[in-house]
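Trainee: Pasting a structure here, questions to come.
The values are calculated or read from the model by the stated rules, or taken from the named source; none is laboratory data. Quick caveat, the model's predicted, so the values are computed rather than measured. Neighbour counts are summed over all protein chains in view; Cβ atoms, including those assigned to glycine, are modelled from backbone coordinates with ideal geometry.
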Amino acid sequence: MRQYLNRLIRLLIGLFLYALGIVFTINANIGYAPWDAFHVGLAKIIGSSIGTISILVGLIIVVITFLLGEKLGLGTILNMVLIGVFLDFLLKLHLIPISNNLFIGIIMVIIGLFIIAIGSYFYIGSAFGAGPRDSLMIALTRITGLPVGVCRGTIELFVVIIGWRLGGMIGIGTVISAFVIGFCVQTIFKLFHFEPTKVTHETLDQTFKILFRRKNTPNKDNK
């Protein structure tokens, strides 16, 4: 049970870091990252918060990645929900200042992208299932055989075009995010000698079965 608790803590840390990284890229104020431009564009049209839209988009991607053969786990579900919750919470706290300087904004975007990459390392490594967007990245990496950075960058470029059409703020920060996020993810994964495609993720059914079995297994110390 302690092992599961440690993995769950790792998962939650990763999700929080991911949301924190997003806040850095948003408050850099030089153009939203691709997914954020997409979320903000939808939020403007629907009239909802960025976090709520993030959850809804995550749900759609979960269905797509499931059809592509990726496993759904506890981490997939928590990622879909908690990143949006953490995002709205952090934005309301106003802990990360909004930049009014181009140079500082660029630094904030790069910092945010590396924080996102570290967050990805933590929650994917928890083996509870990758998040919706990273599941899509992993699925494409597995299907195409291309490097993870290439697949991630391709997804980001595709999303930014749609985000721009929806009215999301596009700028130099968007370009940096689209081209650099793949490099950041690949750099962090190499730094920690982490290969996401080799992680054996637990499905929801497997997680519940293991926890239920442990819960009902008699403690030898109590005999």
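Trainee: Does at least one position in the stretch 97-106 carry a residue that is of a type outside the set (D, E), under 27 Å from L140 (Cβ atoms) and in contact (Cβ under 8 Å) with a residue 40 or more places away in the chain?
Mentor: no
Trainee: Within the stretch 54-72, is there a residue that is farther than 18 Å from M137 by Cα and either of a type in the set (S, T, N, Q) or touching a helix residue (DSSP H, G or I) at 6+ places or on another chain (Cβ under 7 Å) (or both)?
Mentor: Checking the stretch 54-72: not a single residue is farther than 18 Å from M137 by Cα and either of a type in the set (S, T, N, Q) or touching a helix residue (DSSP H, G or I) at 6+ places or on another chain (Cβ under 7 Å) (or both).
Trainee: Additional query: Find the residue count for the stretch 101-113, including only residues that are under 12 Å from Y18 (Cα atoms) and either more than 16 Å from the chain's Cα centre (by Cα) or buried (at least 20 other Cβ atoms within 10 Å of the Cβ) (or both). Spell out how you get there, then give the answer.
Mentor: As a first pass, look at the stretch 101-113 and keep what is under 12 Å from Y18 (Cα atoms): 111-113.
Restricting the remaining residues to those that are either more than 16 Å from the chain's Cα centre (by Cα) or buried (at least 20 other Cβ atoms within 10 Å of the Cβ) (or both) gives 112-113.
Residues in the stretch 101-113 being under 12 Å from Y18 (Cα atoms) and either more than 16 Å from the chain's Cα centre (by Cα) or buried (at least 20 other Cβ atoms within 10 Å of the Cβ) (or both): 2 in total.
Trainee: I'd like the full set of residues that are over 14 Å from the mean Cα position of the chain (by Cα) and among the basic types (K, R), limited to the stretch 126-166.
Mentor: Of everything in the stretch 126-166, those that are over 14 Å from the mean Cα position of the chain (by Cα) and among the basic types (K, R) turn out to be R142, R165.
Trainee: For a quick check of your reading of the model, give me the residue pairs whose first member lies in the stretch 63-79 and is surrounded by 14 or more Cβ atoms within 10 Å (Cβ to Cβ), whose second is part of a helix (DSSP H, G or I) and of a type in the set (D, E, K, R), with beta-carbon atoms closer than 8 Å and at least 6 apart or on different chains.
Mentor: Close Cβ pairs satisfying both conditions: N79/D134.
Trainee: May I pose another question? Which of the residues belonging to the stretch 162-205 are without any contact (Cβ under 8 Å) to a residue 12 or more places away in the chain and assigned to a helix (DSSP H, G or I)?
Mentor: Result: K190, L191, K198, D205.
Trainee: Now for a separate question. So which of L191, L166, L136 ends up being surrounded by 20 or more Cβ atoms within 10 Å (Cβ to Cβ) and at pLDDT 85 or above?
Mentor: After applying the criteria, what remains is L136.
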